Amino acid sequence: MFLLLILFLAMLLFIKGFFKIVLPALIILMILKFLFGGLMLLLSPHFWGTLLVISIIVWLVRASRSRYY
């Protein structure tokens, strides 16, 4: 019974420390990952090439739909 109480208290302290230290650190790392990933996406030539191809297709579709009679 005493061992069960010690294990319960250890688990409670671990969870308390998790929410105070580990979880905020993980959230900050996730936000930094999103910011860095967005910056790398803007600097990627593949992203700009894809945007260029999509914009040309949209421009061609809009230009072919407008008829001047």
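Heavy atoms of the protein chains alone define the surface here; on that basis the stretch 1-68 has 98 Å² accessible area per residue at 1.4 Å probe size. Only protein atoms count toward the accessible area here, which uses a 1.4 Å probe; on the stretch 1-68, the carbon and sulfur part of that area reaches 83 percent.
Projected onto their three principal axes, the Cα atoms of the stretch 4-69 cover extents of 86, 25, 15 Å, largest first. Under a Gaussian network description of the chain, with springs only between Cα atoms under 10 Å, the residue in LEU29, LEU41, LEU51 that fluctuates furthest is LEU51.
Working note: Karplus 6.51/-1.76/1.60 with θ = phi - 60° gives the stretch 45-62 the couplings x, 5, 5, 5, x, 5, 4, 5, 5, 5, 5, 5, 5, 5, 5, 5, 5, 5 Hz, where Gly and Pro are set to x. The distance between label points at ILE56 and LEU39 comes to 3.1 nm (points 7 Å beyond Cα on the Cα→Cβ vector).
The values are calculated or read from the model by the stated rules, or taken from the named source; none is laboratory data. Please read all numbers here as calculations on a predicted model, not as lab measurements. A quick note on method: Cβ atoms are made from the backbone with ideal geometry, for glycine too, and the neighbour counts reach across all protein chains shown. Calculation scope for accessible area: heavy atoms of the full protein, side chains included, ligands and nucleic acids excluded. Shrake-Rupley method; radii C 1.70, N 1.55, O 1.52, S 1.80 Å.
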